[in-house]
Structure formats: C-alpha cells, structure tokens
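Asks: Right, I'll just put the structure down here and ask away after.
Read the figures in this text as sums done on the coordinates, not as results from a lab. These numbers were taken from a predicted model, which means no experiment stands behind them. Note: ideal-geometry Cβ built from the backbone for every residue, glycine included; neighbour counts use all protein chains shown.
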Amino acid sequence: MVPLVLEVTRERAWETLTRHTKSEALLRHALAVEASVRAYARKFGEDEELWGVTALLHDFDWEMHPTLDQHPQDGAPILREEGWPEEVIEGVLSHAEHLSLPRDTLLKKTLFACDELSGFIHACGLVRPDGIETLEPKSVKKKLKQPSFAAGVNRDDVYKGAEELGVELDDHIRFVTEAMRPIAGELGLRQSAEQPL
C-alpha cells in the first residue's frame, strides 16, 4: 500500500530530522543549509516551505548511514515510508555527488550549492571573535585555499555549486553568509555585544 503524501511543513520536517539525528553539529548544519536555501527560494520566487524542508532533511540519515555507500540513498526509503513527496526525496538524493543524479531543477542546484558552503561559512564563524557578523567573501576564499582548515569540506563542491547555480562565488558567499546571520545564535556562533538577543 502506498502511504499518503503528508503535508510539507517545517514542523513535520523538524520532527523527522530530530527523530533520526541527535548530534548538535548535524542539527546546526541542517539549520544553516535551511536558512540559505530558504533565502534563495525567496529570491527566486519559489516555494519556501518545500525548499526549506528539503534542505532541513538533506542529511537526516547521516547518523544511521555515515558512509557514502549508504548516505543518502538508504535514507530515501525511510522518507518514502513517512510519506514525504518525491520532490523532497529527489532533492535530498541529488545533493550527493557520488550518486551522479542530474541536478535538473533549481531546488536541486540550490541545495547542492548551499550544502558545503554553509558548512564552511559556519566553520569560519567558529574561529572569529564576532562569528559571521563581519565575515566577508575575501576571508572565506582565503580560508578555502587552506586545505587544513575545515578539511572535511569538499572545495570542489563549493566551486561547482556556485557554477551550476550560475552565480559568482563572491555573491554566493555573501548571500549565504547573510542568510545565516539571523540564526547565528542557534548555530552556536558568537555575536557582538551590541547585537540584541
């Protein structure tokens, strides 16, 4: 029997994510990618809820399936069983470069472009006294050239993501950083003293 497709809401996505993910670092990554992808959805005039939910769920199975021969492909049946629509599931699957799936929609291109970069910007913010409040593209690009910094971030995916989305890297870095700033506190990033809580 095919399960009913559930309503796509952030509340339901958060429930699915937190049921399968306990790591604070992974939850923060999901929030950072969600903020970036939602901001692009607004910019492009797309369905912000659908895009945000897809971003929130993109690594939901990483704790269960922490290897590329499992993640995210082994998570897809779980999402189907829970009734998530194929558009969300295909978006989640498409962010994995090793699956070689076509990123043939703006949502898929945006998720891929925001995934590694959001993680890298977060890492940059962790080593700065004011988090990402004054972070500029120049500083991010300088850190990208240091292989030892945030070594887990795939630099090729950062460059390829911006290229596939058709945006200049500087503009993309600036846009993602600005999207993440309002949730800097939730991401565990320091904020300046003047900033209201």
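Asks: Output the peptides 50-56, 97-103, 37-43 sorted from most to least packed, where packing is the average of other Cβ atoms within 10 Å over each peptide's residues.
Replies: My ranking of the peptides, most packed first, is 50-56, 37-43, 97-103.
Asks: Quick check: from the Cα gyration tensor, does region 1-81 come out rounded (a/c under 1.5), prolate or oblate?
Replies: It is oblate, given that a/c is not under 1.5 and a/b is not larger than b/c.
Asks: Please label the shape of region 88-145 as rounded, prolate or oblate, based on the square roots a ≥ b ≥ c of the eigenvalues of the alpha-carbon gyration tensor (a/c under 1.5 means rounded; beyond that, a/b larger than b/c means prolate, else oblate). Spell out each step's value before the answer.
Replies: Working: a/c = 2.98, a/b = 2.64, b/c = 1.13.
Prolate, because a/c is 1.5 or more and a/b exceeds b/c.
Asks: For region 56-67, just list the computed ³J(HN,Hα) in residue order, Karplus coefficients 6.51, -1.76 and 1.60, θ = phi - 60°, integers in Hz, with x standing in for Gly and Pro.
Replies: Once θ is set to phi - 60°, the couplings for region 56-67 become 4, 8, 4, 10, 4, 9, 4, 5, 7, 10, x, 10 Hz.
Asks: Where a Cα-Cα gap under 16 Å defines reach, which aspartates and glutamates qualify for LYS138, not counting those fewer than 8 residues away within the same chain?
Replies: Excluding near neighbours in sequence, the set is GLU168, ASP170, ASP171, GLU178.
Asks: Now for a separate question. Please give every one of the lysines within straight-line cross-link reach of LYS141, meaning a C-alpha to C-alpha distance under 27 Å, and leave out same-chain neighbours fewer than 8 residues apart.
Replies: LYS43, LYS108, LYS109, LYS160
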